[in-house]
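Take a look at the structure below.
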Amino acid sequence: MSFRKKECIAMILAGGQGSRLKVLTENTAKPAVPFGGKYRLIDFPLSNCVNSGIDTVGILTQYQPLQLNEYIGNGLPWGLNSANGGIHVLSPYSKSANSEWYKGTANAIFQNLSFIDRYRPEHVLILSGDHIYKMNYAEMISAHVKNRADCTIAVLDVPLEEASRFGIMNADDQGRIFEFQEKPKEPKSTKASMGVYVFRWEILRKYLIMDNEDPTSSNDFGKNIIPKLLNDGHRLFTYEFSGYWKDVGTIFSLWQSNMDILGEEPLLDMKDKNNRIYARNYANPSSFIADSSQIVDSYVAEGSQVYGKVYHSIISTGCVIEPGAEIYNSFVMPNAVIEKSSVIRYAIIGEDSVVHANARIGDSPEFYDKHKWDIAVVGKDKVVEQNMILLPKEVY
């Protein structure tokens with residue numbers, strides 16, 4: 001079977017466990033974690049691809065892939081159901097007796113060389129499946145071609161105290177990288193990698209094969225592939241990004257990114273019709289808002305029933321907020337039920353969970369030492385018993 005040649009295809013790394021999200025990813029791949037009332041994390045890179053004119057996308061799954069695979073389906077919600085490309089879920093599979101799971105980000109791409117080769121692309125875009133941002137990849141690819149780059153890395157400026165969490169690089173006035181450090185203890189720059197890469201496929205393919213043959217390699221882009229390219233004198237460039245970007249690697253960052261879409265002038269505008277985020281949405285009825293309800297500075301997604309009070313919070317699809325229930329500064333995931341007279345403050349309530357009557361979950365930070373306070377979390381499918389108290393930072 002012949003495949004139409006592509007200028008660029010995208011590969012989304014979506015196999016991570018997301019262990020720092022604790023009970024929210026016990027049975028769910030991190031890219032399938034809900035966001036913003038009606039989305040999931042994977043919707044961001046998929047929508048960015050569509051909005052950038054990229055019509056061929058491989059999604060590399062591994063950990064707890066069932067829900068993610070079902071959600072992606074044939075790619076129709078994102079317009080990625082074309083016969084001349086489209087969306088492809090790529091799980092590790094047995095090619096020989098020596099086959100194994102994806103060992104690292106570079107190894108995941110290496111195991112799918114044959115998929116990429118059939119499109120004979122000039123360039124390959126490598127993305128993470130769990131970052132929240134809006135970006136036009138076409139502009140980045142154009143800069144990559146103009147610079148005659150072998151690799152282009154999207155970067156953003158971060159505070160120096162946070163720089164050790166990222167791949168950090170130094171570049172000259174033309175943006176050409178001359179130094180790269182993966183999560184350095186003493187960073188020399190604040191230019192941080194966003195985990196968005198464009199590679200010339202001919203070069204990347206060669207280095208993936210060499211990396212796979214190296215028994216000492218971690219098979220990682222930041223630790224192995226990029227430093228090796230740099231050491232061998234290849235042309236690596238930065239592409240500076242100044243928009244909203246969040247790596248939701250922790251409970252707090254997931255909560256914060258949800259709060260960032262609220263308000264009249266949100267940090268992340270989900271209402272921008274020129275740069276939409278698409279999602280698989282099911283046929284829910286309109287939400288019912290009772291006379292007894294009070295809703296202030298909040299999102300209430302379709303299919304919900306609200307009888308209680310909701311302040312500066314996100315109520316996802318299919319939720320029920322019973323009379324007397326109060327929710328403040330919280331993210332309630334799809335199909336959760338908050339029963340009467342329960343109070344939720346600074347919390348994340350997992351999918352399909354039930355909070356029985358008179359429960360108390362979370363509290364305001366001003367009442368606690370900063371080291372003892374964090375977002376309270378109720379996991380997916382959990383049942384919080386009547387009158388139960390869940391303190392800040394506790395996970396149930």
In segment 174-184, anything touching a helix residue (DSSP H, G or I) at 6+ places or on another chain (Cβ under 9 Å) and more than 23 Å from His131 (Cα to Cα) is listed as Gly175, Ile177, Phe178, Glu179
Within segment 52-73, can one find any residue that is open to solvent by less than 50 Å² (accessible area, probe 1.4 Å), of a type in the set (Ser, Thr, Tyr) and at pLDDT 95 or above? yes
Taking only pairs six or more apart or across chains, which ones have beta-carbon atoms under 7 Å, a first residue in segment 384-396 that is among the β-branched types (Val, Ile, Thr), and a second residue that is open to solvent by 50 Å² or more (accessible area, probe 1.4 Å)? Val384/His356; Val384/Tyr396; Ile389/Arg360; Val395/Lys22
Out of (1) touching a Lys or Arg at 6+ places or on another chain (Cβ under 9 Å); (2) surrounded by 21 or more Cβ atoms within 10 Å (Cβ to Cβ); (3) not basic (Lys, Arg), the odd one out for Ser193 is which? (1)
So which residues in segment 329-339 are among the polar types (S, T, N, Q) and surrounded by fewer than 24 Cβ atoms within 10 Å (Cβ to Cβ)? Asn329, Asn335
Tally up the residues in segment 40-73 that are in contact with a His (Cβ under 8 Å, 6 or more places away or on another chain), aliphatic (A, V, I, L, M) and assigned to a helix (DSSP H, G or I), please. 0
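Rundown of residues vs (1) modelled with pLDDT under 95; (2) assigned to a loop (DSSP other than H, G, I, E, B); (3) buried (at least 22 other Cβ atoms within 10 Å of the Cβ), yes/no style:
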| residue | (1), (2), (3) |
| --- | --- |
| Pro323 | no, yes, no |
| Ile327 | no, no, yes |
| Ser341 | no, yes, no |
| Ile348 | no, no, yes |
| Asp352 | no, yes, no |
| Asp369 | yes, yes, no |
| Lys372 | yes, yes, no |
| Val377 | no, no, yes |
| Gln386 | no, yes, no |
State whether the residues of segment 296-310 include one that is out of contact with any strand residue (DSSP E or B) (no Cβ under 7 Å at 6 or more places or on another chain), in a loop (DSSP other than H, G, I, E, B), among the small types (Gly, Ala, Ser) and modelled with pLDDT under 95. no
Per-region count, segment 294-312, residues within 12 Å of Glu264 (Cα to Cα) and open to solvent by less than 60 Å² (accessible area, probe 1.4 Å): 2
So which strands (runs of 3 or more DSSP E) are wholly in segment 74-168 and hold at least 3 residues that are in contact (Cβ under 8 Å) with a residue 40 or more places away in the chain and either charged (D, E, K, R) or in contact with a Phe, Trp or Tyr (Cβ under 7 Å, 6 or more places away or on another chain) (or both)? 123-128, 131-133, 151-157
Restricting segment 1-10 to residues that are modelled with pLDDT of 90 or more and assigned to a loop (DSSP other than H, G, I, E, B), the residue that is least open to solvent (accessible area, probe 1.4 Å): Lys6
Can you name every residue in segment 275-293 that is within 23 Å of Asn48 (Cα to Cα) and open to solvent by 100 Å² or more (accessible area, probe 1.4 Å)? Arg276, Tyr282
Checked against (1) surrounded by fewer than 20 Cβ atoms within 10 Å (Cβ to Cβ); (2) among the charged types (D, E, K, R); (3) touching a Leu at 6+ places or on another chain (Cβ under 7 Å), Glu139 satisfies every condition except (3)
Could you list all residues from segment 11-39 that are among the basic types (Lys, Arg) and modelled with pLDDT under 90? Arg20, Lys22
Of the residues in segment 170-180, those that are open to solvent by less than 70 Å² (accessible area, probe 1.4 Å), closer than 11 Å to Leu230 by Cα and not aromatic (Phe, Trp, Tyr) come to Ile177, Glu179
Say we look at segment 83-94 and pick out the residues that are open to solvent by less than 50 Å² (accessible area, probe 1.4 Å) and small (Gly, Ala, Ser); which of these is modelled with the highest pLDDT? Gly86
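The values are calculated or read from the model by the stated rules, or taken from the named source; none is laboratory data. In this text, all values refer to a predicted model and were calculated from it rather than measured experimentally. We place every Cβ from the backbone using ideal geometry, glycine too, and count neighbours over all the protein chains shown. All accessible areas refer to the heavy atoms of the entire protein, side chains included, with ligands and DNA or RNA removed. Shrake-Rupley method; radii C 1.70, N 1.55, O 1.52, S 1.80 Å.
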